[in-house]
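Peer 1: Pasting in a structure now, in structure tokens, and then I'll have a few things to ask.
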Amino acid sequence: MVAVQAFATLAECDSRSMYVPQSGGLTQQYMMAMLVPIDQLQGNFAYSTGANDSVGACFPVCTQHAGPAQAPCESTKPEDLLAATTAADAAAGLEACLAHFMPMAYSVPVPMIGAQQMVPVPMKGCYAVQTASTSSGDSDSGQSREELPRVTASAARRLRRRRAAERGRDVVSLSTDRYEELKLKAETGHSELETLRGHVWALAQDAQGSRLLQMALDNADLCEATKLTAEFQGHVVEAATSPHANYVLQKILSQLPNGATSFIAEEILALPEDASKIARHRYGCRIFCRLLEFSCSQSQASALLVSHILEEAEDLCRHSFGHHVLQAALEHGNASHRRQVAAGLLSDVESCAKHRNGSYLVEKALTYCCEEDRSALLECLGKSSVLADLATSPYGSFVAKTALKFLESNEQQDALARLGEMANELRELRHGPQFLEEVGFG
């Protein structure tokens, strides 16, 4: 146990930080493997001897790492290390021994300790960490390397999206005073809002600029608002997926008449591949929802764009963002749009009914679709065996509850009888008690 005890003695030089003082005012940082079993230590390592017989057995050297032989050093016997009376003596012996003992010491880099920055330096086959003095002017030499904090996968994705949104854009950053001045003018519909003209697209990509433009569109007269909106032409696809500009685009669709906003649907319709991507985008799906709410009933370009994207209804019904477009089509679209959504759901309605996103759409389809499409959906979902299966699903139970409302009287009673038979089974599920109470088995 001599070798392990020697490690423990050196570690006690500074038990809080594991830093061992060195000469010259610098420090060395090591982490010691102090819990290695003695039999493993003796089995894996051999003691080397040097030309000076009086030195005796040197510190153990790993036999698994071949390398050039190194001359033994003075004060390398474990007994000498234990006999060291000062921390400096013990540390000096340790530094000499580390040249022969590679695997048992490794660096634990710390980016900043007070005013000293830690930099990794190789040391004869092992790694130590040496502080770089800030007064020497070496901090700008590029040798120091700061440890970056680890981030989660989701945080990394958010960072990549933010960087992608800002890359290559001419963003106007407003000072606080300038922002407050323009904000006051926007709130009062001041005629000097013409100063924004020529900078609308750049402002829309900035967080404060986006808010400013939304206020301006709320308070400006139709003529001034139309002039500001015209500067979005040619930037619609990019604005639809921008974290800030998408809000301005939504405000344009909700505030201005169709004659002033028709270019939005036309630009997206001209690029079918981009239309598909926008419908599946976390920001872009909102643009389709606003088109359906405010423009689709009166704009032929908007109606054609929605019809084009609903051809992918079977794929979109389970998509995290695409299903919002289908839901808006059921609520605000025309009969043709609802029929397209129903056709996409009927391709695999039972699977959709159990899906987290698809279950919302099946409920909306049962509520908003015409009698013919509703009957087709109920023909698949209204069977007592199917309803019983849906009742066991956390998301399918919502569809089962809605489907029961549209069944004929005799079909409804058969389904309720089947659910009553499996009431005990349903009560053991997390959602079961609430479902049973809502369908009348409280």
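Peer 1: Right, LEU222: out of contact with any Lys or Arg (no Cβ under 6 Å at 6 or more places or on another chain) and either within 16 Å of SER302 (Cα to Cα) or free of Cβ contacts under 8 Å to residues at least 24 places away in the same chain (or both) or not?
Peer 2: Taking the combined requirement at face value, the residue does not satisfy it.
Peer 1: What single numbered condition from (1) modelled with pLDDT of 95 or more; (2) not in a helix (DSSP H, G or I) fails to hold for GLN298?
Peer 2: Status for GLN298: all satisfied but (1).
Peer 1: Sticking with this structure for a sec: Sort out which residues of the range 238-264 are at pLDDT 95 or above and aliphatic (A, V, I, L, M), and write them in order of number.
Peer 2: ALA239, ALA240, ALA245, VAL248, LEU249, ILE252, LEU253, ILE264 - these are the residues of the range 238-264 that are at pLDDT 95 or above and aliphatic (A, V, I, L, M).
Peer 1: Could I ask something else about it? Pull up the range 391-403, narrow it to residues that are in contact with a Leu (Cβ under 7 Å, 6 or more places away or on another chain) and hydrophobic (A, V, I, L, M, F, W, C), then point me to the one that is surrounded by the most Cβ atoms within 10 Å (Cβ to Cβ).
Peer 2: Looking only at the range 391-403, we keep the residues that are in contact with a Leu (Cβ under 7 Å, 6 or more places away or on another chain), and these are 391-392, 396-397, 399-400, 402-403.
Restricting the remaining residues to those that are hydrophobic (A, V, I, L, M, F, W, C) gives 391, 399-400, 403.
Details: ALA391: 26, VAL399: 30, ALA400: 24, ALA403: 27.
It comes out as VAL399.
Peer 1: Please verify whether the range 240-261 includes one or more residues that are under 30 Å from GLY358 (Cβ atoms), over 30 Å from the mean Cα position of the chain (by Cα) and buried (at least 17 other Cβ atoms within 10 Å of the Cβ).
Peer 2: no
Peer 1: May I pose another question? Counting only residues that are in a helix (DSSP H, G or I) and at pLDDT 80 or above, which one in the range 189-208 is nearest to VAL248 (Cα to Cα)?
Peer 2: So the first thing to find is which residues in the range 189-208 are in a helix (DSSP H, G or I), and the list is 191-196, 200-204, 207-208.
Right, trim to at pLDDT 80 or above and you get 196, 200-204, 207-208.
Working: LEU196: 14, VAL200: 10, TRP201: 10, ALA202: 12, LEU203: 10, ALA204: 7, ALA207: 11, GLN208: 12 Å.
Applying the filter and picking the extreme gives ALA204.
Peer 1: Could you tell me whether any residue of the range 300-307 is surrounded by 16 or more Cβ atoms within 10 Å (Cβ to Cβ) and in contact with a Phe, Trp or Tyr (Cβ under 6 Å, 6 or more places away or on another chain)?
Peer 2: First, the residues of the range 300-307 that are surrounded by 16 or more Cβ atoms within 10 Å (Cβ to Cβ): 301-303, 305-307.
From what's left, in contact with a Phe, Trp or Tyr (Cβ under 6 Å, 6 or more places away or on another chain): none.
The answer is no; no qualifying residue exists.
Peer 1: Another question, then. Evaluate the following for GLU314: is it open to solvent by 10 Å² or more (accessible area, probe 1.4 Å), touching a Leu at 6+ places or on another chain (Cβ under 9 Å), of a type in the set (Asp, Glu) and assigned to a helix (DSSP H, G or I)? Working first, answer last.
Peer 2: Numbers: open to solvent by 10 Å² or more (accessible area, probe 1.4 Å): yes; touching a Leu at 6+ places or on another chain (Cβ under 9 Å): yes; of a type in the set (Asp, Glu): yes; assigned to a helix (DSSP H, G or I): yes.
So GLU314 passes the test.
Peer 1: ASP218 - would you say it is at pLDDT below 90, within 22 Å of LEU291 (Cβ to Cβ) and part of a helix (DSSP H, G or I)? Explain how you work it out, then say what you get.
Peer 2: On the way: at pLDDT below 90: yes; within 22 Å of LEU291 (Cβ to Cβ): yes; part of a helix (DSSP H, G or I): yes.
Considered against the rule, which asks whether it is at pLDDT below 90, within 22 Å of LEU291 (Cβ to Cβ) and part of a helix (DSSP H, G or I), ASP218 comes out as yes.
Peer 1: Only one residue in HIS281, HIS319 is farther than 15 Å from HIS337 by Cα, assigned to a loop (DSSP other than H, G, I, E, B) and either among the aliphatic types (A, V, I, L, M) or out of contact with any Lys or Arg (no Cβ under 9 Å at 6 or more places or on another chain) (or both), so which one is that? If you could, list the steps in order and put the result at the bottom.
Peer 2: On the way: HIS319 fails: either among the aliphatic types (A, V, I, L, M) or out of contact with any Lys or Arg (no Cβ under 9 Å at 6 or more places or on another chain) (or both).
Checking each option against the conditions leaves just HIS281.
Peer 1: Could you please tell me which pairs satisfy a Cβ distance under 8 Å, a separation of 6+ or placement on different chains, a first residue in the range 143-168 that is modelled with pLDDT of 65 or more, and a second residue that is part of a loop (DSSP other than H, G, I, E, B)?
Peer 2: LEU159/VAL151; ARG161/PRO243; ARG162/PRO243
Peer 1: When the range 365-396 is examined, which residues are found to be more than 17 Å from LEU345 (Cα to Cα) and touching a Phe, Trp or Tyr at 6+ places or on another chain (Cβ under 8 Å)?
Peer 2: Within the range 365-396, ALA391 is the sole residue that qualifies.
The values are calculated or read from the model by the stated rules, or taken from the named source; none is laboratory data. Everything numeric here is computed off the predicted structure, so don't read it as measured data. In this analysis, Cβ positions are derived from the backbone assuming ideal geometry, glycine residues included, and neighbour counts consider all displayed protein chains. Note: areas computed on protein heavy atoms with side chains; ligands, DNA, RNA excluded. Shrake-Rupley method; radii C 1.70, N 1.55, O 1.52, S 1.80 Å.
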